[in-house]
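Undergrad: One structure follows; several queries about it will come next.
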Amino acid sequence: MNMKRENYISWDEYFMGIAKLSAQRSKDSSTQVGACIVNEEKKIVAVGYNGMPTGCNDDDMPWERTGETSLETKYPFVCHAELNAILNRNTASLKNATLYVTLFPCNECAKAIIQSGIKKVVYAENKYADTEGVKASCLMFKKCGVETVQYKSSEKVLSINL
């Protein structure tokens, strides 16, 4: 009798892996963020990465972090991975869904996460934890009952030949 394989990846590893793979679609030279939204049945309903809005030619848009004005930087234009995932989801509801994301959400994305009905955020890193935007995200998540959990990496390495 055949036994089931034992060294398969966990659900958290799978969904964070999808978020990390999605981040590789980003054309941002300094920050690549990916997101994967999963419903209560553990089915993926959306993925996203940080990038320019649909219809904006990536080659015509600024990707710089600094400039003489903000219009010379990426910041007024780039859609974050979480927002892209929410906006590009399939027709499924996001009520009680879980968001896997490679970077803790900013306050603007936190509002969209809360409004969409997502109830859990699993994040890989929080390098901007001391900023007011992330502090605002934490406050909103707490007040609105959105659980946040830092992903604990298993250090597994998966290789995909493309």
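Bear in mind that the values in this text are calculations on the coordinates, not laboratory data. Quick caveat, the model's predicted, so the values are computed rather than measured. Cβ coordinates were reconstructed from backbone atoms using ideal geometry, including for glycine residues, and neighbour counts include every protein chain displayed.
Undergrad: Given the options G34, G48, G117, which has the most mean-square fluctuation in a GNM of the chain, springs set between C-alpha atoms less than 10 angstrom apart?
TA: For the chain, modelled as a Gaussian network with Cα springs under 10 Å, the answer is G117.
Undergrad: In deg cm²/dmol and to the nearest 500, what is the mean residue ellipticity at 222 nm of the chain if only DSSP H runs of at least 4 residues count, each as -39500 (n - 2.57), divided by the residue total? Kindly include the intermediate steps, with their values, before the conclusion.
TA: Details: 4 runs with 43 residues, N = 162.
Using -39500 (n - 2.57) per qualifying helix, the result is -8000 deg cm²/dmol.
Undergrad: What Kirkwood hydrodynamic radius do you get for the chain when you take the inverse of the mean 1/r over all pairs of distinct Cα atoms, in Å?
TA: Numbers: mean 1/r = 0.0600 Å⁻¹.
Hydrodynamic radius (Kirkwood, Cα only) of the chain equals 16.7 Å.
Undergrad: Multiply the residue separation of E68 and L158 by 0.36 nm, subtract the distance between their alpha-carbon atoms, and state the gained length in nm to one decimal.
TA: 28.2 nm
Undergrad: By how many degrees, between 0 and 90 and to the nearest 10, does the Cα long axis of helix 11-23 differ from the longest principal axis of the chain?
TA: 30 degrees
Undergrad: For the stretch 92-162, what's the radius of gyration and Dmax over Cα atoms, in angstrom?
TA: 13.5, 44
Undergrad: So, R0 is 45 Å and r is the distance between the beta-carbons of N57 and M3; what FRET efficiency does that work out to, to 0.05? Before the final figure, lay out each step's value.
TA: Working: r = 53 Å, r/R0 = 1.18.
Calculated value: 0.25.
Undergrad: Taking the Cα centre of the chain as origin, sum charge times position over the Cβ atoms of Lys and Arg (+1) and Asp and Glu (-1), and report the length of that vector in debye to the nearest 20.
TA: It works out to roughly 760 debye.
Undergrad: Let me ask something else about it. Between Q115 and K135, what is the spin-label point distance in nm, taking each point 7 Å from the Cα along the Cα→C-beta axis?
TA: Between Q115 and K135, the simple spin-label model gives 2.5 nm.
Undergrad: Check each of the GluC sites (Glu not before Pro) in the stretch 84-162 and keep only those in coil by DSSP with at most 13 other C-beta atoms within 10 angstrom; list them in order.
TA: Hits after loop and neighbour filter: E155.
Undergrad: Something else: Among the GluC sites (Glu not before Pro) within the stretch 1-67, which fall in a DSSP loop and have no more than 12 other Cβ atoms within 10 Å of their own Cβ? Before the final figure, lay out the partial values.
TA: On the way: sites: E6, E13, E40, E41, E64; in loops: E6, E40, E41, E64.
Answer in residue order: E6, E40, E41, E64.
Undergrad: For G34, list long-range residues whose amide hydrogen, built 1.01 Å from N in the peptide plane, is under 5 Å from its own amide hydrogen.
TA: Those qualifying (amide H under 5 Å, at least 5 residues apart or on another chain) are A23, T102, L103.
Undergrad: In a Gaussian network model over the chain where Cα atoms closer than 10 Å are linked, find which of K95, K27, K127 has the largest mean-square fluctuation.
TA: K127
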